[in-house]
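Report on one structure; see the data block that follows.
The values are calculated or read from the model by the stated rules, or taken from the named source; none is laboratory data. Quick caveat, the model's predicted, so the values are computed rather than measured. Don't worry about glycine lacking a Cβ; one is built from the backbone with ideal geometry, like all the others, and counts go over all protein chains shown. Ligands, DNA and RNA are excluded from the accessible area calculation, which covers all protein heavy atoms including side chains. Shrake-Rupley method; radii C 1.70, N 1.55, O 1.52, S 1.80 Å.
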Amino acid sequence: MNKFLFFILVITAFVSCDGRERAYMTNEAILKEDNLFKTFSEELHFIPERPVVIETDTILSTGFEIKINYHSTEHNPIILSKKNKSDSITYSHYKNFEANIDFSKNSSLITAFVLNKTHFNQFESPAFWNNAIMQYVWINHEASDENRVQLHTAFKIPETEIYKDFILSIFADGTTEIKEYQITPKTI
């Protein structure tokens, strides 16, 4: 008899745990009650979503050859967060970029290096470099001559209008000179 009563009590306990008190609650309220709302309301965005690789192989009439492998990196992304109207948080992970550069003249390698924001630390505060990503690297054919090749690059803080432009001059002996490019408005 005791076993029968115990069995009835166990069945009654399981039947009464059917979640009727939550039937009229919203999903949001249930998640808040269980302290899971923050986990389910976060949005993650990765920019760019997939790895990016842009390869440029340029031979100039002066005999210079420049190979640029511009690519996204997975380390040290810039993470920005925004709180939405519904108290959910959106995290945007902006991937950093760098460029592998091989510089040759008449098929003889002069220098090879990785161009990233560590080369430019002297031009701006650490706060800028902790939040900036490389935008592009391109060859300025018009400014290049038989003694040097000129590259341009820029760094920008995502979701702002704050950026810095730079000019890299790579000389025939392999030395590199970096200058900040100041854009001045032209008045007519």
- Query: Which lysines have a Cα lying under 17 Å from the Cα of K179, excluding residues fewer than 8 positions away in the same chain?
  - Reply: K117, K156, K164
- Calculate one ³J(HN,Hα) per residue across region 150-167 by plugging θ = phi - 60° into the Karplus curve 6.51 cos²θ - 1.76 cosθ + 1.60, and present them in order as whole Hz with x for glycine and proline. 10, 10, 10, 8, 9, 10, 9, 7, x, 6, 9, 9, 8, 8, 9, 9, 9, 10
- Item | For region 57-188, with +1 on Lys and Arg beta carbons and -1 on Asp and Glu, the positive-most of Q150, Y136, I167 along the dipole | Y136
- Mind giving me the FRET efficiency for K82 and I178? R0 is 45 Å, r the Cβ-Cβ distance, nearest 0.05 is fine. 0.85
- Largest first, what is the accessible-area ranking of E124, E65, E42 with a 1.4 Å probe? E42, E124, E65
- Note on the structure: In this structure, the FRET efficiency calculated for N130 and T58 from their beta-carbon separation, with R0 = 30 Å, to the nearest 0.05, is 0.40
- Within the accessible area of region 42-150, what % is carbon and sulfur when the probe is 1.4 Å and the other protein chains stay in place? 48 percent
- Query: Hey, got a sec? Which trypsin sites (Lys or Arg not before Pro) in region 104-162 land in a DSSP loop and have at most 15 other Cβ atoms within 10 Å?
  - Reply: none
- Item | List F4, F171, ordered by accessible area with a 1.4 Å probe, largest first | F4, F171
- Message: For a quick check of understanding: with a 1.4 angstrom probe and all protein chains in place, what accessible area in square angstrom does F7 have, to the nearest ten?
- Response: 120 Å²
- Message: Could you check the spin-label model distance between V114 and I47? Points 7 Å from the Cα along Cα→Cβ, value in nm.
- Response: 2.5 nm
- V53 accessible area, nearest 10 Å², 1.4 Å probe? 90 Å²
